[in-house]
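The values are calculated or read from the model by the stated rules, or taken from the named source; none is laboratory data. Just so it is clear, the model here is predicted, and its values are computed rather than measured. Ideal geometry is used to build each Cβ from the backbone, glycine not excepted, and the neighbour counts take in all protein chains shown.
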């Protein structure tokens with residue numbers, strides 16, 4: 001796995017692995033169920049990924065959307081490709097909703113709703129909660 005994937009906590013944050021991509025729990029949760037969708041390639045430009053990686057996104061995005069819809073009941077889903085600090089191709093996947101969602105006795109508010117997500121205003125799960133979130137989301141990915 002590339003350095004970006006490791007930085008986002010792999011393997012402890014791994015929810016689902018595909019041929020060209022991994023879905024990881026985002027270590028900081030600006031909203032409940034925030035993910036990182038990262039290419040396993042060493043590519044640092046989206047256009048440099050092989051065609052098969054682009055094609056696989058159809059399957060992956062459908063799986064993400066179904067799992068997060070079931071888990072959070074989101075109103076919108078944002079795929080943010082920022083790549084300013086972490087160089088390898090990846091998206092931050094942020095479920096958007098009005099109000100709060102709760103998991104493990106902790107409230108997760110969407111501080112930016114209905115505007116731009118506030119990535120700096122995030123819950124940082126401890127190891128116990130991270131493990132529980134990974135298990136819950138893994139189950140929903142089937």
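Remarks
- Scanning the stretch 65-80 for residues that are out of contact with any helix residue (DSSP H, G or I) (no Cβ under 9 Å at 6 or more places or on another chain) and either more than 16 Å from residue 26 (Cα to Cα) or buried (at least 17 other Cβ atoms within 10 Å of the Cβ) (or both) yields a count of 6.
- Residue list for the stretch 5-30, restricted to those being surrounded by 19 or more Cβ atoms within 10 Å (Cβ to Cβ), in contact (Cβ under 8 Å) with a residue 24 or more places away in the chain and under 20 Å from residue 95 (Cβ atoms): 8, 13, 15, 16, 21, 23, 25, 26, 29, 30
Every residue, every condition in (1) part of a strand (DSSP E or B); (2) out of contact with any helix residue (DSSP H, G or I) (no Cβ under 7 Å at 6 or more places or on another chain); (3) surrounded by 21 or more Cβ atoms within 10 Å (Cβ to Cβ), yes or no:
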position	(1), (2), (3)
32	no, no, yes
54	no, yes, no
63	no, no, no
82	no, yes, no
86	no, no, no
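- Cβ-Cβ contacts under 8 Å between residues 6 or more apart (or on different chains), taken from a first residue in the stretch 120-132 that is surrounded by 10 or more Cβ atoms within 10 Å (Cβ to Cβ) to a second residue that is part of a helix (DSSP H, G or I), are listed as 125/133.
- Selection status of residue 74, part of a loop (DSSP other than H, G, I, E, B), touching a strand residue (DSSP E or B) at 6+ places or on another chain (Cβ under 8 Å) and either closer than 18 Å to residue 110 by Cβ or at pLDDT 95 or above (or both): yes
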